[in-house]
């Protein structure tokens, strides 16, 4: 952590709230363009030595994520269900945000994802809609994100991928046993497996070393700096400009507006719970698809009594979930899937929604293990294995090294009733209203999951699995891909922000993160979140240069 | 943590910078230094003996060390002292219920630990669907397969049992099929 110290009472050019996957990009691009930037991050500023290979800390406790003990959260599935304490939403809570502990999967959206509503048709009772941008609008920024952050992959290997302006900056990671088995089986079935694009370095890149295959990507921080988080890639570059100050431990409670209805800055608690008002000319909220709407809803004023950017009441609505389904297979020989990165091969053959199936849906399927030792022992074994005793222990000795899984990343239709709100009673450790979440999947999403799970079982069978078991699909679990809630659009009555993330209510307030998403595509939102961040950053720098941001 | 000098001196990793692997491995090694066994901090000795007997039924010895030998009870006691201190009441209430079930099943028995192996199994079968058994099973597994710095998984015996190694670097191929895929 280095760089300038800006005064609170003098307006900086840009105040970025949330320094994660999007905010990290934002602080780098805006400071490099010559503007003063303060980044407020609620979590700590960590280094490689702060991480460890500690499954308990990162899988079973909120080592790098929001902690419900200090930030309580409530959840219900249906409108008539009572709200109950549950960690419905999980996000990375440190400088670098979710890009620090994510698995590293880095899919671009398909061209069809941006106008899928026009292609597929209306789905009654949903907010299924086209995006106000097309893939071509975002392509240069996908390319820039891959280049600036460091992404490994093989262009042209996926026949379903959208057009690319250039190759990945790094070659793909080699296939592990799950990848080899998956590739062989998928080809046998006439499918098109290809090397997974990942934000993990297959070779040294821009002063960072290649991945050492330790196997601790998902949920862990990378001790090698080989995972291309914003923390190790662009944030240090932002700080080198001398115009960017990152303030960890800063918990924002309100965005202030001035008499003209423009954002004036933000009030936050610093690490010692001192209340600070940082003034800014432009406020950019990158706090994720759950905390961004929460902050807007907390930012009530005389002018905006329903919360900021919420004149139409849509802030927090159309929340989408990272729905997926998982099927495991046991193989004759050891795979040792715990070594190396999580995913090395996948298919997009079933990605596109096909009306002939009789429902909306589809997904990408990847080969992975998705477990560490204890999580496997608790949740990974097939249902016919006893839960305790000598047989249980014996099974662990075989299954842990001989199991792989197939995970589908599927659709979550946007529906207005699925939402993030403020709880009227429960408060967090700072005395602020707790988040409460309502989410129930659309019946088509559930049909899609069941259909995809059949495809997973087919592939595992073709791969020669000795035994196949399906994990339940009716439990949505915790949502880690936070999408929707402040959707973009051209109509101020139907959306919260425009195509550049600018709120319809306040001209100098921008939202850039998963909250912008109009559809969920097939999950894996990080590449699109970061492409949107690069696009909006360029737009902001241009507008600032032209003196349009005041 | 499981990474000996030999591993990194004689290994070779494609593009990983050795200084980085080394620094990370050294850091991991330091944070995994064994702690001296402390006295029980939360559980009394009688309760600990009963909890340990139940944990041993979940992951018994034979076919390698079981819950008792890897120090699961130390893990549980430490968890209840630290990150799971809010589960103490669950243990108090849960073990009280275990006692009621035990006395009903085996009138005149003194403790779980004093039951025969078959009696303990019978006891577990009658509590295996309870929330408390779920918690105990989770803690037992974490004590068996979690990082040794928490007091369990002594000598990494749990990891050895399932075939897991915690290292800062691995080389391809990792398994049978990727090795075969290269031929």
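Take the conditions on the phi < 0 side of the Ramachandran plot and over 24 Å from the mean Cα position of the chain (by Cα) and apply them to residue A:462. Does it pass?
yes
Go through the range A:48-74 and report how many residues are more than 21 Å from the chain's Cα centre (by Cα), assigned to a loop (DSSP other than H, G, I, E, B) and either within 10 Å of another protein chain (Cβ to nearest Cβ) or within 21 Å of residue A:378 (Cα to Cα) (or both).
4
Select, from A:253, A:273, the only residue that is farther than 23 Å from residue A:148 by Cα, part of a loop (DSSP other than H, G, I, E, B) and touching a residue at least 60 places away in the same chain (Cβ under 8 Å).
Selected residue: A:273, the only one of A:253, A:273 that is farther than 23 Å from residue A:148 by Cα, part of a loop (DSSP other than H, G, I, E, B) and touching a residue at least 60 places away in the same chain (Cβ under 8 Å).
Please return the ranges of helices (runs of 4 or more DSSP H) entirely within the range B:125-183 where 3 or more residues are surrounded by 22 or more Cβ atoms within 10 Å (Cβ to Cβ), in contact with a helix residue (DSSP H, G or I) (Cβ under 8 Å, 6 or more places away or on another chain) and more than 7 Å from chain A (Cβ to nearest Cβ).
Result: B:131-145.
Considering the range A:309-332 alone, what residues qualify as being part of a loop (DSSP other than H, G, I, E, B), touching a residue at least 60 places away in the same chain (Cβ under 8 Å) and closer than 21 Å to residue A:129 by Cα?
If the condition is that a residue be part of a loop (DSSP other than H, G, I, E, B), touching a residue at least 60 places away in the same chain (Cβ under 8 Å) and closer than 21 Å to residue A:129 by Cα, then A:309, A:310, A:311, A:312, A:314, A:315, A:316, A:321, A:322, A:323 are the ones that fit.
Out of the range A:360-412, which residues are in contact (Cβ under 8 Å) with a residue 12 or more places away in the chain, farther than 22 Å from residue A:337 by Cα and not in a loop (DSSP other than H, G, I, E, B)?
Correct list: A:363, A:410.
Looking at this structure, is residue A:289 in contact with a strand residue (DSSP E or B) (Cβ under 9 Å, 6 or more places away or on another chain), assigned to a loop (DSSP other than H, G, I, E, B) and surrounded by 24 or more Cβ atoms within 10 Å (Cβ to Cβ)?
Criteria met by residue A:289.
Okay, residues lined up against (1) at pLDDT 95 or above; (2) within 19 Å of residue A:25 (Cα to Cα); (3) not in a loop (DSSP other than H, G, I, E, B):
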{"site": "A:160", "(1), (2), (3)": "yes, no, no"}
{"site": "A:175", "(1), (2), (3)": "yes, no, no"}
{"site": "A:184", "(1), (2), (3)": "yes, no, yes"}
{"site": "A:218", "(1), (2), (3)": "yes, no, no"}
{"site": "A:235", "(1), (2), (3)": "yes, yes, yes"}
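Residue by residue, here is whether (1) surrounded by fewer than 22 Cβ atoms within 10 Å (Cβ to Cβ); (2) more than 14 Å from every other protein chain (Cβ to nearest Cβ) holds:
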{"residue": "A:199", "(1), (2)": "no, yes"}
{"residue": "A:216", "(1), (2)": "no, no"}
{"residue": "A:248", "(1), (2)": "yes, yes"}
{"residue": "A:258", "(1), (2)": "yes, yes"}
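Confirm whether residue A:230 is out of contact with any strand residue (DSSP E or B) (no Cβ under 7 Å at 6 or more places or on another chain), crowded, with 24+ Cβ neighbours inside 10 Å, away from every other protein chain (no Cβ under 14 Å) and at pLDDT 95 or above.
When the stated conditions are applied, residue A:230 passes them.
Say we look at the range B:67-90 and pick out the residues that are in contact (Cβ under 8 Å) with a residue 24 or more places away in the chain and outside any helix (DSSP H, G or I); which of these is farthest from residue B:162 (Cα to Cα)?
So the residue we want is B:84.
So if I check each of A:329, A:358, A:307, which one is at pLDDT 95 or above and touching a strand residue (DSSP E or B) at 6+ places or on another chain (Cβ under 6 Å)?
A:329
Pick out the one residue from B:116, B:109, B:126 that is under 18 Å from residue B:47 (Cβ atoms) and in the same structural domain as residue B:148 (by TED's automatic domain parsing).
Result of the check over B:116, B:109, B:126: B:109.
If I go through the range B:114-124 residue by residue, how many of them are away from chain A (no Cβ under 14 Å) and crowded, with 16+ Cβ neighbours inside 10 Å?
Counting residues in the range B:114-124 that are away from chain A (no Cβ under 14 Å) and crowded, with 16+ Cβ neighbours inside 10 Å gives 1.
Would you pick out the residues in the range A:1-26 that are in a loop (DSSP other than H, G, I, E, B) and touching a strand residue (DSSP E or B) at 6+ places or on another chain (Cβ under 8 Å)?
Answer for the range A:1-26, where residues must be in a loop (DSSP other than H, G, I, E, B) and touching a strand residue (DSSP E or B) at 6+ places or on another chain (Cβ under 8 Å): A:1, A:3, A:4, A:5, A:6, A:8, A:9, A:10, A:11, A:18, A:19, A:20.
Out of the residues in the range A:322-342 that are more than 14 Å from chain B (Cβ to nearest Cβ) and touching a helix residue (DSSP H, G or I) at 6+ places or on another chain (Cβ under 9 Å), state the one that is surrounded by the fewest Cβ atoms within 10 Å (Cβ to Cβ).
The residue in question is A:326.
Regarding residue A:65, is this residue crowded, with 19+ Cβ neighbours inside 10 Å, farther than 30 Å from residue A:187 by Cβ and in contact (Cβ under 8 Å) with a residue 12 or more places away in the chain?
Spelling it out, residue A:65 is indeed crowded, with 19+ Cβ neighbours inside 10 Å, farther than 30 Å from residue A:187 by Cβ and in contact (Cβ under 8 Å) with a residue 12 or more places away in the chain.
Taking the condition of being outside any helix (DSSP H, G or I), closer than 26 Å to residue A:185 by Cβ and touching a residue at least 60 places away in the same chain (Cβ under 8 Å), how many residues in the range A:436-473 meet it?
Matching residues across the range A:436-473 total 10.
Is there a residue in the range A:109-117 that is in a helix (DSSP H, G or I), more than 30 Å from residue A:250 (Cβ to Cβ) and more than 22 Å from the chain's Cα centre (by Cα)?
Taking every residue of the range A:109-117 in turn, at least one turns out to be in a helix (DSSP H, G or I), more than 30 Å from residue A:250 (Cβ to Cβ) and more than 22 Å from the chain's Cα centre (by Cα).
Checking residue A:143 against (1) in contact with a helix residue (DSSP H, G or I) (Cβ under 7 Å, 6 or more places away or on another chain); (2) within 26 Å of residue A:350 (Cα to Cα), which test does it fail?
(1) is the only condition that residue A:143 fails.
The values are calculated or read from the model by the stated rules, or taken from the named source; none is laboratory data. Because the structure is a prediction, the values reported are computed rather than measured. Reconstructed Cβ throughout: ideal geometry from the backbone, glycine too, with neighbour counts over all protein chains shown.
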